[in-house]
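Chemist: Please see the structure below; I have some questions.
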Amino acid sequence: MKKYFMVAFVAVIAGCVTAFSLFTPATTNAQEQSPASNETTTVAYNPESPLAGILDSKPVANITGVYNGEISKQWGLGFLSIENIWSHTLGNPEIIVAVLDTGIDTHHPEFAGRIKGTVNFSGSETSDDVYGHGTHIAGIIGAGLNDSGMAGVAPGISLLNVKVAEDDGTCKIENVSRGINWAVDNGASIINISIQLTSTSQALEEAVQYAENHGVIIVAAAGNNSPGQIIYPASYPSTITVTATTPEGKLVPLSNIAEWVDFALPGYKIFSTLPGNNYGYETGTSFATAHMSGFIALLYSLVSDSGNAAYEQVLTLLEAVSMESDISGYQLKTLNPDIIAN
Ligand SMILES: [Ca+2]
């Protein structure tokens, strides 16, 4: 059976330099500081924003000071002006993001009580994350705001651990298809796929269609270091496809770019969880993708509809906070939640 490689690790297996090892240590260095946001501005929002009516109806939480502590290493949260939305929701625990990946370290304290299901479609004997990729993705999406380590974009939402990739970082197409179907059937609103497949199958096409029919959003990585190749499921029109930027708004080297790529989001030196109660930095389109999944989970947390009505409303809100941007000469969308704020 032909195998395919995880986004961040494809070049490792090909014997080249990886997209993330160029820049990032494998483990946490407490002295290292990513470009951190020190924003502590008072939350306000433009009353003409499409989000204004929704935000008006939500209680305001006190998040003063978080930028100086738990999330100081996470420039991606500053990029998202996360305080604008966190003051209204940290994420609804009924909103579920499925992480189709190498597994999640479900014992990591950052996910305590919020992993609502686990399944193992891989050939591994364990549903835990041996490789480290899936735990990092899960942390970016939903690590807890618990005065420890770091926080995910949506620290209040719930997760599904859908292990579809092997312990060496490779992945079979049919396991991605099975994972998508399982996630839809088990309550996911969003499916994060930071996996690059270079071919597809009828079953994968049908699974992507199944998700769309059920109002489930698939967020997929554009992939790394494979110029000119069509990447699946990222290239399907119904998926939201994400490539990676630096804090300066440049395309991260080796990030794929193509007409089927929708967004560019933070994917450089991204701090997140690793197995064994660890943390560390990684770089690549995988991690940019996770920012989008977390952000969409917050949008889902703000809408009161469910099912396909929520899906349509969330896509409308996403469009409202998106803007065209020049990323190293390419016209891509990025998120501009400052539209909400003045
Ligand atoms: Ca935390």
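Chemist: Filter segment 139-158 for residues that are more than 10 Å from the ligand (Cβ to nearest atom), surrounded by 24 or more Cβ atoms within 10 Å (Cβ to Cβ) and either modelled with pLDDT under 95 or in a loop (DSSP other than H, G, I, E, B) (or both) and give the result.
Modeler: Val153, Ala154, Ile157
Chemist: Moving on to the next point. For the condition assigned to a loop (DSSP other than H, G, I, E, B), acidic (Asp, Glu) and out of contact with any Ser or Thr (no Cβ under 6 Å at 6 or more places or on another chain), what is the one hit in Asp128, Asp167, Asp105?
Modeler: On inspection, the qualifying residue turns out to be Asp128.
So that you can scan it fast, the table gives a plain yes or no per residue for (1) in contact with a strand residue (DSSP E or B) (Cβ under 7 Å, 6 or more places away or on another chain); (2) small (Gly, Ala, Ser):
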site	(1), (2)
Thr89	no, no
Ile96	yes, no
Thr102	yes, no
Gly113	no, yes
Gly123	no, yes
Val130	no, no
Gly139	yes, yes
Ser148	no, yes
Ala151	no, yes
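Chemist: Next question. For Leu318, which of the numbered conditions (1) among the hydrophobic types (A, V, I, L, M, F, W, C); (2) surrounded by fewer than 22 Cβ atoms within 10 Å (Cβ to Cβ); (3) assigned to a loop (DSSP other than H, G, I, E, B) fails to hold?
Modeler: Going through (1) among the hydrophobic types (A, V, I, L, M, F, W, C); (2) surrounded by fewer than 22 Cβ atoms within 10 Å (Cβ to Cβ); (3) assigned to a loop (DSSP other than H, G, I, E, B) one by one, Leu318 breaks only (3).
Chemist: With Asp305, Asp326 as the choices, which residue is surrounded by fewer than 16 Cβ atoms within 10 Å (Cβ to Cβ) and part of a loop (DSSP other than H, G, I, E, B)?
Modeler: Of Asp305, Asp326, the one residue that is surrounded by fewer than 16 Cβ atoms within 10 Å (Cβ to Cβ) and part of a loop (DSSP other than H, G, I, E, B) is Asp305.
Chemist: Further question: Can you pull out the residues in segment 121-138 that are more than 16 Å from Pro155 (Cα to Cα) and either within 16 Å of the ligand (Cβ to nearest atom) or in contact (Cβ under 8 Å) with a residue 60 or more places away in the chain (or both)?
Modeler: Across segment 121-138, the qualifying residues are Phe121, Asp128, Asp129, Val130, Tyr131, Gly132, His133.
Chemist: Restricted to segment 183-225, and to residues that are touching a Ser or Thr at 6+ places or on another chain (Cβ under 6 Å) and polar (S, T, N, Q), which residue is nearest to Leu315 (Cα to Cα)?
Modeler: If we take residues in segment 183-225 being touching a Ser or Thr at 6+ places or on another chain (Cβ under 6 Å) and polar (S, T, N, Q), then Asn192 is nearest to Leu315 (Cα to Cα).
Chemist: Could you look through segment 105-120, keep only residues that are more than 17 Å from the chain's Cα centre (by Cα) and within 15 Å of the ligand (Cβ to nearest atom), and pick out the one that is surrounded by the fewest Cβ atoms within 10 Å (Cβ to Cβ)?
Modeler: The selected residue is Gly113.
The values are calculated or read from the model by the stated rules, or taken from the named source; none is laboratory data. Keep in mind the model is a prediction, meaning the values are calculated, not measured. With ideal geometry, Cβ positions are generated from the backbone for all residues, glycine too; neighbour counts draw on all protein chains shown.
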